[in-house]
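J.: Shown below is the structure under consideration.
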Amino acid sequence: MCTTDAYNPFKVAQAAIDEACQTLGLDEATHQMLRNPMKEFHFTIPVKMDDGSVKVFQGFRVQYNNSRGPNKGGIRFHPEETIDTVRALACWMTWKTSVADLPLGGGKGGVICDPKSMSEGELERLARGFMRQVAHYIGHKNDVPAPDVYTTPQIMAWMMDEYETIKGYSEPGVITGKPVGNGGSLGRGDATARGGVYITRDAAKAYGIDLKGATVAIQGFGNAGQFAATLFEELTGSKIVAVCDTKAALYNPDGLDAKDVQAYKLANGSLKGYPKAKEISQAELFALKVDVLVPAALENSITAENADSIQAKIICELANGPTTPEADKILDAKGIVVLPDFLANSGGVTVSYFESVQNEYNYYWTAEEVDKALENKMVNAFKSVYDMSVDKKCSLRKAAYLVAIKKVADAMKFRGWV
Ligand code: GLU
């Protein structure tokens with residue numbers, strides 16, 4: 001989940017870049033540009049807490065590479081945030097916008113904090129404090145943040161308000177994932193999950209797997225996991241048999257009613273005690289004989305320890321970096337179709353891009369228009385990666401790196417950087 005001596009997500013990200021650069025035969029300068037962030041901001045955020053004390057939080061914003069357009073990517077509030085995690089996530093955003101063919105670069109922000117133990121007022125002051133530290137280094141032509149783990153449309157609205165107050169003019173496109181009515185886009189809420197379901201649908205077709213009546217297990221019940229639970233059923237006719245959050249894992253072989261589980265979580269704060277399912281462990285959830293497994297929590301969830309127990313035919317990585325490289329090799333050897341994170345979860349940033357476009361025009365699309373445009377982007381993204389995997393006889397993950405990195409390398413070359 002976080003950076004440890006044994007697991008450093010940025011080292012993992014760099015190793016994949018090294019391999020792709022070698023396959024593509026890229027020169028040393030291009031390779032060095034691709035394996036390092038172009039800019040980083042490290043800052044402190046003093047926040048007045050409800051008890052009258054002042055707590056000083058550590059924040060980061062990494063602008064990884066803007067050769068294809070403004071940096072783009074979310075802000076995470078997490079107690080185990082580290083700069084190397086933010087670097088890795090900013091790097092993956094660069095490949096994500098490239099693979100989805102968006103005219104954007106990659107960025108990510110983070111704050112070391114425990115949002116679950118903070119009041120609404122404390123969170124608002126933290127969000128505004130974050131924005132005060134980065135306001136002069138971001139903007140719709142430069143770097144556009146968005147929600148990520150434990151940040152919400154409400155937090156985006158506070159940040160936009162702080163930015164506009166500092167600048168003295170309206171610029172809703174400074175941030176995406178805003179509430180609808182504050183410049184947010186219809187269809188942004190479920191976009192990550194929806195995009196992942198479209199990619200899974202097309203992958204299932206390509207590999208001859210029938211999703212009608214197929215079983216799905218979802219690890220993580222945040223934004224992506226909750227919407228995936230409803231959309232898999234709605235768009236593919238498959239059935240959700242298992243879900244989990246940090247407190248409990250639930251299993252019902254006859255199928256779970258996703259809306260009912262969601263309502264329970266909202267009312268009770270967690271899945272613990274949900275009556276219409278059997279409680280199992282997270283390890284048991286990973287090992288279920290299901291057709292589709294959806295890691296939708298944090299990085300480093302599928303490791304060398306549990307990869308061998310996985311029996312799914314398809315893994316749809318809605319989380320960023322859920323699978324370690326060692327686990328990836330095991331899954332590959334087992335013949336499991338792994339839909340790599342920066343392809344599978346690129347629906348979120350795709351609709352964020354549509355949100356920026358709507359902000360620029362100050363004209364808003366219908367939900368149907370957004371969903372249709374998202375589907376087109378996802379169909380094309382999967383096709384480009386699948387075709388590359390056939391051409392190079394490699395995994396979809398390797399193919400996704402090749403597609404994404406080639407486009408960023410070309411953009412840097414045309415700019416005359418390398
Ligand atoms: N945080 C999301 C991601 O990792 C969305 C980023 C965005 O919308 O800019 O893809």
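Coordinate-derived values only; no laboratory data. Everything numeric here is computed off the predicted structure, so don't read it as measured data. Positions of Cβ are generated from backbone atoms using ideal geometry, with glycine treated the same way; all protein chains shown enter the neighbour counts.
J.: Just to be sure I understand the model, the point goes 7 Å from the Cα along the line to the Cβ. What's the resulting Glu19 to Ala333 distance in nm?
T.: 1.4
J.: Now a separate question. Of Val290, Val149, Val197, Val418, how do they rank once you tally other Cβ atoms within 10 Å and put the fewest first?
T.: The most exposed by this proxy come first: Val418, Val149, Val290, Val197.
J.: A follow-up question, please. If r is the Cβ-Cβ distance from His136 to Asn306 and R0 is 51 Å, what FRET efficiency results, to the nearest 0.05?
T.: 0.70
J.: Right, here's the next one. Given R₀ = 22 Å, what would the calculated FRET efficiency be for Val56 paired with Lys167, taking r from the Cβ atoms and rounding to 0.05?
T.: The pair Val56/Lys167 has a calculated efficiency of 0.30.
J.: How big is the gap, in Å, between the Cα center of the range 345-418 and the Cα center of the range 1-78?
T.: Using only Cα atoms to place each centre, the spacing works out to 20 Å.
J.: With only alpha-carbon pairs counted, each pair once and no self-pairs, how large is the Kirkwood hydrodynamic radius of the range 169-231 in angstroms?
T.: Taking the inverse mean of 1/r over all distinct Cα pairs, the range 169-231 comes out at 13.8 Å.
J.: Considering only the other residues whose Cβ falls under 10 Å of the Cβ of Phe77, what net charge follows from Lys and Arg at +1 and Asp and Glu at -1?
T.: With Lys, Arg at +1 and Asp, Glu at -1, the net is -1.
J.: Mind giving me the nanometre distance, one decimal, between the label points for Asp114 and Lys406, set 7 Å out from Cα along Cα→Cβ?
T.: Each label point is offset 7 Å from its Cα along the Cβ direction, giving 4.8 nm.
J.: Please enumerate, by chain and number, the aspartates and glutamates with C-alpha under 16 Å from the C-alpha of Lys413, excluding those fewer than 8 residues away in the same chain.
T.: Asp27, Glu28
J.: As I understand it, the dipole of the range 336-418 uses +1 on the Cβ of Lys and Arg and -1 on the Cβ of Asp and Glu, about the Cα centre. Which of Thr366, Val351, Val337 lies farthest toward its positive end?
T.: With unit charges placed on the Cβ atoms, the residue in question is Val337.
J.: Give me the extension gain from Asn380 to Lys393: residue separation times 0.36 nm, minus the current Cα-Cα distance, reported in nm with one decimal.
T.: Full extension from Asn380 to Lys393 adds 2.7 nm.
J.: For the range 11-80, just the Cα atoms, rotate onto the principal axes and tell me the three extents in Å, largest first.
T.: Taking the Cα atoms of the range 11-80, the three principal extents are 58, 24, 17 Å.
J.: Which of the trypsin sites (Lys or Arg not before Pro) across the range 368-418 are loop residues per DSSP, with 15 or fewer other Cβ within 10 Å?
T.: Lys393
J.: Now for a different question. Hey, can you list the DSSP H helices of the chain whose Cα span along the axis is 18 Å or longer and whose average Kyte-Doolittle score is at least -1.0?
T.: Span-like helices in the chain: 9-24, 83-99, 120-134, 153-167, 191-206, 223-236, 347-361, 367-392, 396-415.
J.: Setting aside same-chain residues fewer than 8 positions from Lys55, which lysines have a Cα under 24 Å from its Cα?
T.: Output for Lys55: Lys108, Lys116.
J.: A further question follows. Which three semi-axes in whole Å describe the equivalent ellipsoid of the range 258-395, each the square root of 5 times a Cα gyration tensor eigenvalue, listed largest first?
T.: Equivalent-ellipsoid dimensions as semi-axes: 29, 25, 12 Å.
J.: With loop defined by DSSP as not H, G, I, E or B, and exposure as at most 16 other Cβ atoms within 10 Å, which is the longest segment of the chain clear of exposed GluC sites (Glu not before Pro)?
T.: After excluding every exposed loop site, the longest remaining stretch is 81-304.
J.: At a 10 Å Cβ-Cβ cut-off, how would you order Ile17, Ile155, fewest neighbours first?
T.: Exposure proxy ranking, most exposed first: Ile17, Ile155.
J.: Calculated from DSSP H runs of 4 or more alone, at -39500 (n - 2.57) each and per residue, what is the 222 nm mean residue ellipticity of the chain, nearest 500?
T.: Calculated mean residue ellipticity at 222 nm is -14500 deg cm²/dmol.
J.: Still on this structure, I have one more. Using only the Cα atoms of the range 128-252, what semi-axes does the equivalent ellipsoid have when each is the square root of 5 times a gyration tensor eigenvalue? Give whole Å, largest first.
T.: 36, 16, 11
J.: Would you mind classifying the range 1-141 by shape? Square roots of the alpha carbon gyration tensor eigenvalues, ordered a ≥ b ≥ c; an a/c under 1.5 is rounded, otherwise it is prolate if a/b is larger than b/c and oblate if not.
T.: prolate
J.: For Arg76, Arg35, what ranking results if the residue with the fewest other Cβ atoms within 10 Å of its Cβ goes first?
T.: Listing Arg76, Arg35 from fewest to most nearby Cβ atoms yields Arg35, Arg76.
J.: Then there's this: Show me, bin by bin at 20 Å from 0, the whole-percent P(r) of the chain based on Cα pairs.
T.: Spelled out bin by bin, the chain gives 28, 61, 11, 0 percent.
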